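Input: a single structure, listed below in structure tokens.
The values are calculated or read from the model by the stated rules, or taken from the named source; none is laboratory data. Since we're looking at a predicted model, the values are computed, not measured. So basically every Cβ, Gly included, is an ideal-geometry build from the backbone, and we count neighbours across all protein chains shown. With ligands, DNA and RNA removed, areas are computed over all heavy atoms of the protein, side chains included. Shrake-Rupley method; radii C 1.70, N 1.55, O 1.52, S 1.80 Å.
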Amino acid sequence: MLSTMRAQTPASHPPSVPVHFLGMSQIVSYGFLFYAFALLREPLGQKLGLAPTIILTAISASLLIQGALSYIVGKWADHFGGLRVLASGFFIGAIGIASLVFVTNLIMMMFCFILIGIAIAMCTYEVAFSTVVQLDEKRSRWLISVVSFYGGVASSLAWVTLQPLLTEYGFAIACAFAACLLFIMGLMASFHARKQAQPHKAKGQIAPFHFASLQSSEKRALIILASANGIEYFTFAATALFWIRWFTDLFGDVTIAVWLAALYGPFQVVGRLLEMQLAKKIDARITGLIAALLTPLTLFLAQFADIRLAIITMVFFGIGHGILTVTFGFVTNLYFRAEIYGRAKGIIAAPRAVGMASGPLVAGLIYAYNPAYFMPSFIASSAIVAGLIGLLLRLKPTNAVHIS
């Protein structure tokens, strides 16, 4: 059995990592570098006289930048330590968001989104999870669950905070507020980096990581995890941004649609709480497989114009994705030790970023062509994710830290 199935709770083992800071960092990074643009994109477009599609394209481009940089950022995390990378990412993000206040044309705006894309690559889950693995590898599953638990409320807190600022004070103050939060989080990450023993190594001393030198099971795990991540986040991004449109068409009431879509966030947190409890009893690959199977089931139920089934859909869609975030974070550590985790996670994160960037565009094209094809298409893609995670059960973990 995996040692992580018997993980102790924090009550018996006080955290040796700044886990609550890392959790709050994900609220700020996701909330104010990604989810914030659900509110900021319209006033930004009005400020520059640009169509909403151009702003969405810029956001997608920033996610592609994240994918392009993911391996390099993972290498930096392995070399310098995740907290140092996290701090730099927050400072870059603060500059990118603050600069949006002063842009006057498309070229200046794209430069800001380049900075935002770099920041997203440096201060979201991949780097936070790398930090956890580096500082307390034995309890990484529990601690990854705690970090992702905080991240589950990023969208709600960002929207609740920014909407009043936009309404009362306008775009510039909202951006300034977001930039200040990012800058403060960068200062806090720098403080924790100085306190913690980080794997800061001289050039040439970093643990080698080459695909050709990996064990056969490690190669297969890397390919499976990268493929599953890409397809899962493609499916998630495509459906998550279309729930309001889907339920509006299904029930003919946008208010009902908004309330149904809003169920996702809280139940994503519930999924992570469940993962914390299951960590003491069940292999993370099994909980991941169960969660992955929930997605095609919920997408199937979403096709019926029944409010009760719609509620069930959103509850289990949130729970499933909440668990899968932990699965992809921890299962990587089953095969790749702390010294190389950042680079392995960087490779796995690249298709994830591409999936998140392309999912909404593909969803829009399918929905415009024929809405009847929308849910069946993503039921199929989510079933592939479940199949890929199932294949991991055939691969024995190779990281000695998690093998007893």
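Worth a mention:
- Estimated distance in nm for a label pair at L393 and Q277, the labels positioned 7 Å out from Cα along Cα-to-Cβ: 2.2
- With helices as the sole contributors, the chain gives -26000 deg cm²/dmol at 222 nm; each DSSP H run of n ≥ 4 counts as -39500 (n - 2.57), and the sum is divided by every residue.
- Average accessible area per residue (Å²) across the range 132-224 - probe 1.4 Å, nucleic acids and ligands excluded: 51
- Rg over Rh [alpha-carbon atoms, Kirkwood Rh] for the range 316-355: 1.04
- Contact order, relative form, for the chain: 27 percent (alpha carbon pairs under 8 Å, 6 or more residues apart, mean separation divided by residue count).
- Within the range 330-366: backbone nitrogen closer than 18 Å to the I384 label point (7 Å, Cα to C-beta): 348-366
- Filtered chymotrypsin sites (Phe, Trp or Tyr not before Pro), the range 122-161: DSSP coil and at most 11 other beta carbons within 10 Å: none
- Largest to smallest in accessible area, the residues D306, D283 fall in the order D306, D283 (1.4 Å probe, all protein chains included).
- Using only alpha carbons, the chain has a radius of gyration to Kirkwood radius ratio (Rg to Rh) of 0.96.
- For the chain, hydrophobic long helices are taken as DSSP H runs at least 24 Å long by C-alpha position along their axis with mean Kyte-Doolittle hydropathy of 0.5 or more; these are 52-80, 82-99, 106-123, 171-195, 216-240, 284-301, 307-335, 338-369, 374-392.
- Segment D249..A172, full-extension length gain: 24.2 nm, with 0.36 nm per residue of separation and the alpha-carbon distance subtracted.
- Pairs from the table (K75/K219; K195/K281; K138/K345; K75/K195; K219/K281; K75/K281) lying more than 24 angstrom apart at Cα are K195/K281; K219/K281; K75/K281.
- Of the accessible area of the chain, computed with a 1.4 Å probe over protein heavy atoms only, carbon and sulfur atoms account for 70 percent.
- Each residue, H20 and R194, gets one label point 7 Å from its Cα in the Cβ direction; the gap between the two is 2.2 nm.
- Net lengthening on full extension, A368/A400 (0.36 nm per residue, minus Cα-Cα): 6.5 nm
- When the range 302-404 is described by a simple charge dipole with +1 on each Lys and Arg Cβ and -1 on each Asp and Glu Cβ, the residue from F330, F374, V385 located farthest towards its positive end is F330.
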